[in-house]
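A short worksheet on the structure shown next.
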Amino acid sequence: MYIVQIASECAPVIKAGGLGDVVYGLSRELESRGHAVELILPMYDCMRYDHIWGLHDAYRDLWVPWFGGQIHCSVYCGWVHGRVCFFIEPHSGDNFFNRGCYYGCNDDNMRFAFFSKAALEFLLKSNKRPDIIHCHDWQTGLVPVMLFENYKYEMGNQRVCYTIHNFKHQGMGGSEILWATGLNQESYYFQYDRLRDNFNPFALNFMKGGIVYSNYVTTVSPHHAWEAHHGEFGYGLGHTLHLYQSKFRGILNGIDNDFWNPETDRYIPYKYTKENLEGKAKNKKALRDRLLLRDADKPIVAYIGRLDDQKGVHLVHHAIYHTLARGGQFVLLGSATEAGINAHFRHEKQFLNDNPDVHLELGFNEELSHLIYAGADTIVVPSNYEPCGLTQMIGLKYGTVPIVRGVGGLVNTVFDRDYDSDRLPEQRNGYVFQEADYSALESTMNRAFDLWYQEPEEFRQLVLQGMSYDYSWNYPGKEYLEIYELIRHK
């Protein structure tokens, strides 16, 4: 099969969050199964050019229709760790991708509407006719709309799979989006069953367009699909998902086994396997040495990730002090997206600076994150919502027991040691709590602490059970190929 991914990110060359990891990881998995995969990406001025090999002209004069005129673009091709990527560079006064950032501009809707249009023009003019076009998030929500409405005579056989990684950001615009992209007909697209936002009659919703017009829609875990359809985490799109439920499902993301693997990890001093856990104990000591923590017989609890409301930042803060109260040690690695949260944790860092049982690392450090996964005993993931979550899957791979809130993909990957009635005791791999409050977090952490202190062999067994789970791209890759085959033959 010939598959083209159209996305705003691909790790490690363009990475703002988990989207980049997924686009790269899935592409590599599909290629390893013998399929031809190409990626189309914006050519940002601030992307990591050092991760692109052999960058060269692929299509020098691409003229993209825009607002009744045309914008001249160059398309470059290069290899990002083995993946074939095409980068679209527009030459116009708008400077769509020369902003020193990926997102956060007040014309993001126009920037990515243009990118979507340019990606389709490139496929058309270069005579690329993939079996499947796979789009991601609101930034490419207009691709299936334009493919069906503007390009169906030239590219009528292309099928679209549309994956939503985060329902919170949906992409909004007014009639100017229609005139820019050549969709034009306001009365047609502002109908409720097309692009009109479910709650704002004067706005067009990119993500809704993606759901309505694509051949299949996925999100990044089965439980999050249920939450988006039936609960609050569809952020207003629940009714649209209900109308199209026959083509909607959740597929769990995977993690890259080459990058996240304690047997081969180049960032950790001691490699280890579930057959031989000695290296994990040595990494624990190496982590203490690096962060100047006291070398004592104590459990280490970790938190790795953004410090924001989505991640349950109030519970992260509480977990630090509860760990200290239970005689444990706490290591945090993360950066805050909001000034208030950032100031709060800077204050905590200062306050706890001389405590030999805690280290707060504010910022992100790839190498250190690997050592924390390898050296910690448990990892806490108290998210308010979590479409998939990679932290808990990486934790399991490294024998670090996850303590998670029962939302989104956390429900599909972590099974409570004491209370999961759907799993046999030997299939359970961590701890889960439901309510987003202090007492729920404390009682669940206490169960983990008690096991670590009182039943070390049982704790070790739980570690081994977690390490035996396979959350690589193997299964998700298979599921996506089943969807591709399904929509190809419709």
>> Residues to consider are Asn184, Asn198; find the one that is free of Cβ contacts under 8 Å to residues at least 60 places away in the same chain, part of a loop (DSSP other than H, G, I, E, B) and in contact with a Ser or Thr (Cβ under 8 Å, 6 or more places away or on another chain).
In response: Asn198
> Looking at the range 334-355, is at least one residue under 23 Å from Tyr469 (Cβ atoms) and among the acidic types (Asp, Glu)?
Replying inline: no
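Would you point out the residue of the range 175-199, among those that are touching a strand residue (DSSP E or B) at 6+ places or on another chain (Cβ under 7 Å) and farther than 21 Å from Leu120 by Cβ, that is surrounded by the most Cβ atoms within 10 Å (Cβ to Cβ)?
Narrowing the range 175-199 to residues touching a strand residue (DSSP E or B) at 6+ places or on another chain (Cβ under 7 Å): 177, 180, 182, 189-190, 195-197.
Retained after the next criterion (residues that are farther than 21 Å from Leu120 by Cβ): 190, 196-197.
Details: Phe190: 18, Arg196: 18, Asp197: 21.
It comes out as Asp197.
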> Can you find even one residue in the range 448-458 that is in contact with a Lys or Arg (Cβ under 7 Å, 6 or more places away or on another chain), more than 24 Å from Phe330 (Cα to Cα) and either in contact (Cβ under 8 Å) with a residue 40 or more places away in the chain or among the hydrophobic types (A, V, I, L, M, F, W, C) (or both)?
Replying inline: no
> When the range 76-110 is examined, which residues are found to be at pLDDT below 95 and acidic (Asp, Glu)?
Replying inline: Asp94
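Among the residues of the range 166-179, are any among the β-branched types (Val, Ile, Thr) and out of contact with any Lys or Arg (no Cβ under 8 Å at 6 or more places or on another chain)? If you could, list the steps in order and put the result at the bottom.
Step one: of the range 166-179, the residues among the β-branched types (Val, Ile, Thr) are 177.
Now drop any that are not out of contact with any Lys or Arg (no Cβ under 8 Å at 6 or more places or on another chain), which leaves 177.
Yes, that holds for at least one residue.
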> Can you spot a residue in the range 137-157 that is part of a strand (DSSP E or B) and either under 25 Å from Tyr102 (Cβ atoms) or of a type outside the set (Phe, Trp, Tyr) (or both)?
Replying inline: no
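To keep it simple, each residue is scored yes or no on (1) surrounded by fewer than 16 Cβ atoms within 10 Å (Cβ to Cβ); (2) in the same structural domain as Lys168 (by TED's automatic domain parsing); (3) within 30 Å of Arg196 (Cα to Cα); (4) among the aliphatic types (A, V, I, L, M).
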site: Val220; (1), (2), (3), (4): no, yes, yes, yes
site: Gly234; (1), (2), (3), (4): no, yes, yes, no
site: Phe248; (1), (2), (3), (4): no, yes, yes, no
site: Thr264; (1), (2), (3), (4): yes, no, no, no
site: Leu287; (1), (2), (3), (4): no, no, no, yes
> How do the pairs read when you match residues in the range 308-335 that are under 12 Å from Tyr438 (Cβ atoms) and in contact (Cβ under 8 Å) with a residue 12 or more places away in the chain with residues anywhere that are in a helix (DSSP H, G or I) and aliphatic (A, V, I, L, M), using Cβ under 9 Å and keeping only pairs 6 or more apart or on different chains?
Replying inline: Gly312/Leu441; Leu315/Ala440; Leu315/Leu441; His318/Leu441; Ala319/Leu441; Ala319/Met445; His322/Leu441; His322/Met445
> Which residues, taken from the range 140-193, are under 16 Å from Thr218 (Cα atoms) and of a type in the set (D, E, K, R)?
Replying inline: Arg159, Lys168
> How many residues are aromatic (Phe, Trp, Tyr) and at pLDDT below 95 if we restrict to the range 155-201?
Replying inline: 0
> Taking Ser74 and the conditions (1) farther than 24 Å from Lys15 by Cβ; (2) surrounded by fewer than 21 Cβ atoms within 10 Å (Cβ to Cβ); (3) of a type outside the set (Asp, Glu), which numbered condition does it fall short on, given that it satisfies the others?
Replying inline: (1)
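The values are calculated or read from the model by the stated rules, or taken from the named source; none is laboratory data. Values in this document were obtained by computation on a predicted structure and should not be read as measured data. Methodologically, a virtual Cβ is constructed for each residue, glycine included, from the backbone with ideal geometry; neighbour enumeration extends over all protein chains shown.
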